[in-house]
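Colleague: Following this message is one structure expressed as structure tokens.
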Amino acid sequence: MTGREIPKIGKTVPRQDALSKVTGQEKYAVDYYARDFLWAGVKRAGVPHGLVKKIETEKAQALPGVIKVLTYKDVPGTNRQGVVRKDQPVLVKEKVRHCGDPIALVLAQDIETLRRALDLVTLCYEPLPAVLDPEEALKESAPIVQEENPQGNILLKGNLETGNVDLAFKECDAIVEASFKFPHQEHAYLETEGGYAILKEDGILEMTVSTQTPFRDRSEVAEALGWDQEKIRIIVPYCGGAFGGKDGVSVQTLLGLAAIQCPNRPVKMWWDREESFLASSKRHPCRLHYRLGAKFDGTFHALAASIYYDTGPYDHLGGVVMALGLEHAGGPYQIPNVRLQAWSVYTNNPIGGAFRGFGVPQVTAAMEQMVDMVAEKINLSPLEIRLRNRVKKGGKNSLGMNLTGSVGLEECLIKVREHPFWTEKEKWKSLAGPFRKRGVGVASVMQGMGYGPIVPDYGNAKIELTEEGRFRIYSGVVDMGQGNATTCLQIAGHILNQDSSHLELVLPDTARTLPSGSASASRTTYTFGNALIEASQKLKHRLLERAAGLFMAEEMEEIELRPGRIKHVPTGKEIFLPDLAKILDESETVATHTFQAPVAKEFPTEDQALKLHGIPHTIFSYGAHLACVEVDELTGEVEVKRYLAVSDCGKVINPQILEQQIQGGIAQGLGYALYEDFIVQGGKAQTRNLSTYIVPTSLDVPDLESIPVEIGEPSGPFGLKGAGEIAMDGPLPAIANAIADACGIRIFRSPMTPQRVFKALKEKEEGNS
Amino acid sequence: MKISFILNGKKIEIDAPPDRRVVDLLREDLNLTGTKEGCGEGECGACTILVNGESRLSCLMLAPQLEGQKVTTIEGLASAEKLHPIQQAFVEFGAVQCGFCSPGMVLASTNLLQKNPNPSRAEIREGISGNFCRCTGYQKIVDAVEAAARKMKI
Ligand code: FES
Ligand code: FES
């Protein structure tokens, strides 16, 4: 936020972080090179499953310039980390469970020595048969990944059922069935995991890291390392991208361990791209088997789905991701008879974790293709069938839950239906050149917001009038690029009638800001924004009251808060905020507020584990996406020519930031649909860098049209709902449906590469001849 | 070995081993951390700098290659009190999200507009295609470069 204007809600204010970022002044966690710092690095297993026999560190230890080589023996605490279940070691003791498992931590004077020392650490192990396929993993005979888990390789399973599904399928006029398979997706944030830590003389373990979850990390580090939580401080600068991949511990426990072994020495760790690919969590690969039945009039009558999420060897967030997928598996439709089953399964593949959409992109990709397939069977337009079955406010969703939050899906679908991309599609399609086919596809999307019914979902805002007469906002939630820091300033500035020169921001820091949960789950601005509105109003009220006393005003209306000062309108007298701050007690210059997000009052299940893992949500954002694609019949190459996303994310506070979220989400979804394939063979990653893992470039993403329908959500800050994830859900199914419209083929998996498309085209041709 | 070159308008001399990567030299030895590293393999463009006005990947360059050259990093693009029009446009048009690609993007765009002051949107997309951005979907970056080009002509 720049300039002298008072920020308005609903108007674009340029991001306050843009200036420092675009001039290279902004310091990210990886940008610190303290004097005399040490490099820390990790030796990784390189095998997917095996029993540790010995970890040989002597040679590395003997290398000049090596300060320490640490193994599990050196971890003072539980050596366990994890968000829900603590089933992941900081450093491996008995068993390796995936190739990226950390075996030893090396501290060295410089990075070359570190690299050489890491090469000298060797792991002697006895190989174990690896669990590589989530459906195979469920068989009796499968080797076990987590011995302590009472359910074998099942981390979590869930079942949601309404109506009478078996009978209902018999009553359907059209039934479609299909299986889908989606691979790992790598976040590929541009800033890989990193930061630095130091154990200070006063016993405080301080670290500056790139994370979405400073407060949760703090307790994880404390437990794993046996360090007093009160003596850990985590500071989080702006992150260079995260998208869910920094939801949870990456370098934190390792850096902490390194630092406590070398008191008073700053220690830096920065994973290179290959290590980031190897060790970080990814979007869960997913297998889905769907069956959808409808009546002749187009109403959905029955749905059955079995869904397998491959969560890798650790819980991380695998149970919660699966639960959110399960909850969204029926899409934003009213369906009277539904049976949904999902499993989150332990394997020896890379770790599955949070990634924008959180289990929802996979189920949306399947369900939205099913919708098109059934529409084709009963000869109904893809938009009409969606309009016919859409959820409505006050109505029920596919889980039989009454929707109490705002629902703008109908408005979104209608906007798509009125858009020239839709109304003029036949003409556009007819203009494809020789050996090229064009098609238009749509998809509905929805994304629940927040943590669900059990885990407390709260924001704690704090705002302070400083001695300089500025308002300082203590942001409890990380800004990893979404722009919520700017939105905070916009909200506070609007309420307090201050321009940016009178506003300042403290980024998340466990020693200064208040815990407000994770920067995830499309909750950040909703939850923290609500808290900040109240805190700002409290402070405003207090200041005006004090000023009214000073001015001996008769009515509160006579007093106005202006930029940098308070004015008594009838007399024209003013008091400047620094002067007011001086006469106030500290307790008066600070206001805080806790906002707790509303939770659902009814439950689609009595399964306590599912509730704990977040089912159900009560507020959802919605949207309708449309993709126009062109397929090259000679190569199978698919080009997205135009893209439209109509989104119901409530009222818009900052249109530019909303567009950023929608456009960025679409680009990642487009990569997921067409290019991104994190290939794992025998538990080993084959895509090790950005030359083999293909993310969209500026040539692959067309101009994207984003239209908000601004239906206010009464519980949201100024009517807003979450917007961070939803755009990720649409591109894969919309593009798949567009390819089907163009060529009459379906790939049933992603990415839809030229090879796969070409093969499907060939098979279709052979089938026809 | 001693290496002397012009860095952001100032002549400097620095001692560095001959195999020192330029990105490390800038970030670690000269504290110019505006130059980012996203891959270290020439794939992402985050480490872009200008050498004699041409965009170069500093993760693929070694210190001796700077000898006698004119180097501009993101810190040296703006003048003391004024942003470069491309930087200004990036701020205004919302081309910055996490911002980790921004220094490289801005420098690549500077080089692009120097070569082609009047690019079409497709030419802009072509010109920045070596710079990877995971956040924006590129549209607002293209908008910003387009606007900057217009402004720089006046
Ligand atoms: S860091 Fe140089 S191209 Fe990626
Ligand atoms: S703004 Fe984050 S990578 Fe471009």
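The values are calculated or read from the model by the stated rules, or taken from the named source; none is laboratory data. Owing to the predicted nature of the structure, the values given are computational and were not obtained by experimental measurement. Methodologically, a virtual Cβ is constructed for each residue, glycine included, from the backbone with ideal geometry; neighbour enumeration extends over all protein chains shown. Accessible surface is based on the protein model in full, side chains and every heavy atom, while ligands, DNA and RNA are left aside. Shrake-Rupley method; radii C 1.70, N 1.55, O 1.52, S 1.80 Å.
Colleague: Could you say whether any residue in segment A:327-334 is under 30 Å from A:Ile619 (Cβ atoms) and part of a helix (DSSP H, G or I)?
Modeller: Checked segment A:327-334: at least one residue is under 30 Å from A:Ile619 (Cβ atoms) and part of a helix (DSSP H, G or I).
Colleague: With respect to the numbered conditions (1) aliphatic (A, V, I, L, M); (2) part of a helix (DSSP H, G or I); (3) open to solvent by 20 Å² or more (accessible area, probe 1.4 Å), which one is the sole condition not fulfilled by A:Ala521?
Modeller: The number of the failed condition is (2).
Colleague: Still on this structure, please answer the following. Go through segment A:382-417 and give me each residue that's among the basic types (Lys, Arg), open to solvent by 10 Å² or more (accessible area, probe 1.4 Å) and touching a helix residue (DSSP H, G or I) at 6+ places or on another chain (Cβ under 9 Å).
Modeller: Matches in segment A:382-417: A:Arg390, A:Lys392, A:Arg417.
Colleague: State all residues of segment A:177-190 that are surrounded by 20 or more Cβ atoms within 10 Å (Cβ to Cβ) and more than 14 Å from every other protein chain (Cβ to nearest Cβ); if no residue qualifies, say none.
Modeller: Those that are surrounded by 20 or more Cβ atoms within 10 Å (Cβ to Cβ) and more than 14 Å from every other protein chain (Cβ to nearest Cβ): A:Phe180, A:Phe182, A:Pro183, A:His184.
Colleague: Only one of these is in a strand (DSSP E or B) and without any contact (Cβ under 8 Å) to a residue 60 or more places away in the chain: A:Glu504, A:Glu464. Name it.
Modeller: A:Glu504
Colleague: Related question: Only one of these conditions is not met by B:Ala122: (1) within 13 Å of another protein chain (Cβ to nearest Cβ); (2) out of contact with any Ser or Thr (no Cβ under 7 Å at 6 or more places or on another chain); (3) crowded, with 21+ Cβ neighbours inside 10 Å; (4) not charged (D, E, K, R). Which number is it?
Modeller: (3)
Colleague: Would you check if B:Ile86 is away from ligand 1 (no atom under 16 Å from the Cβ) and either open to solvent by 40 Å² or more (accessible area, probe 1.4 Å) or assigned to a helix (DSSP H, G or I) (or both)?
Modeller: Answer is yes for this residue.
Colleague: I'd like the full set of residues that are more than 12 Å from chain B (Cβ to nearest Cβ), surrounded by fewer than 24 Cβ atoms within 10 Å (Cβ to Cβ) and not β-branched (Val, Ile, Thr), limited to segment A:226-251.
Modeller: A:Gly226, A:Trp227, A:Asp228, A:Gln229, A:Glu230, A:Lys231, A:Arg233
Colleague: If you don't mind, another one. Can you find a residue in segment B:77-94 that is in contact (Cβ under 8 Å) with a residue 40 or more places away in the chain and under 28 Å from A:Glu274 (Cα atoms)?
Modeller: Checked segment B:77-94: no residue is in contact (Cβ under 8 Å) with a residue 40 or more places away in the chain and under 28 Å from A:Glu274 (Cα atoms).
Colleague: On the given criteria, is B:Ser109 part of a helix (DSSP H, G or I), hydroxyl-bearing (Ser, Thr, Tyr) and more than 9 Å from chain A (Cβ to nearest Cβ)?
Modeller: Here the answer is yes, as B:Ser109 does meet what is asked.
Colleague: On to the next question. Can you name the strands (runs of 3 or more DSSP E) wholly within segment B:1-69 that have at least 2 residues being among the acidic types (Asp, Glu), away from ligand 1 (no atom under 13 Å from the Cβ) and surrounded by fewer than 21 Cβ atoms within 10 Å (Cβ to Cβ)?
Modeller: The qualifying strands (runs of 3 or more DSSP E) are B:10-15.
Colleague: From A:Glu659, A:Glu574, A:Glu630, A:Glu606, which residue is outside the structural domain of A:Leu543 (by TED's automatic domain parsing), without any contact (Cβ under 8 Å) to a residue 60 or more places away in the chain and touching a strand residue (DSSP E or B) at 6+ places or on another chain (Cβ under 6 Å)?
Modeller: Result: A:Glu659 is the single residue among A:Glu659, A:Glu574, A:Glu630, A:Glu606 that is outside the structural domain of A:Leu543 (by TED's automatic domain parsing), without any contact (Cβ under 8 Å) to a residue 60 or more places away in the chain and touching a strand residue (DSSP E or B) at 6+ places or on another chain (Cβ under 6 Å).
Colleague: Do you know which residues across segment A:17-63 are within 14 Å of another protein chain (Cβ to nearest Cβ), assigned to a loop (DSSP other than H, G, I, E, B) and farther than 19 Å from A:Cys262 by Cβ?
Modeller: Selection gives A:Asp17, A:Thr23, A:Gly24, A:Gln25, A:Glu26, A:Lys27, A:Tyr28.
Colleague: Here are some residues: A:Val477, A:Val455. Which one is away from chain B (no Cβ under 14 Å) and open to solvent by 10 Å² or more (accessible area, probe 1.4 Å)?
Modeller: A:Val455
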